[in-house]
Amino acid sequence: MTIRETVLHYLAEVVTEYASFQLPDDVTDATKLDAFWLDSVTYTAFISRLEEALGYIPAPILEGPLFPETVGDGCRSHT
């Protein structure tokens, strides 16, 4: 799986578990994360699952603002 696929997989998992609705099929890199009602607890669960799956937290998440604003903010890789 690519980073984007992994991010979307775990985002969908956390949204379904904590927000009790399905991640829409039309999610793009520009989709705002606040549309999924991620609070600090659910965001931490999301990051923990990513770290467990990948073995690290993606650099855009670590190097960006406290919370990425869009799906794409969590998927972009820095070169």
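For region 7-35, filtering for residues that are buried (at least 17 other Cβ atoms within 10 Å of the Cβ) and modelled with pLDDT under 85 leaves 1.
All conditions in (1) acidic (Asp, Glu); (2) open to solvent by 60 Å² or more (accessible area, probe 1.4 Å); (3) assigned to a helix (DSSP H, G or I) hold for Asp73, with the sole exception of (2).
Going through (1) of a type outside the set (Ser, Thr, Tyr); (2) part of a helix (DSSP H, G or I); (3) at pLDDT below 90; (4) open to solvent by 50 Å² or more (accessible area, probe 1.4 Å) one by one, Phe46 falls short only on (4).
The values are calculated or read from the model by the stated rules, or taken from the named source; none is laboratory data. These numbers come from a predicted model, not from an experiment. Cβ coordinates were reconstructed from backbone atoms using ideal geometry, including for glycine residues, and neighbour counts include every protein chain displayed. All accessible areas refer to the heavy atoms of the entire protein, side chains included, with ligands and DNA or RNA removed. Shrake-Rupley method; radii C 1.70, N 1.55, O 1.52, S 1.80 Å.
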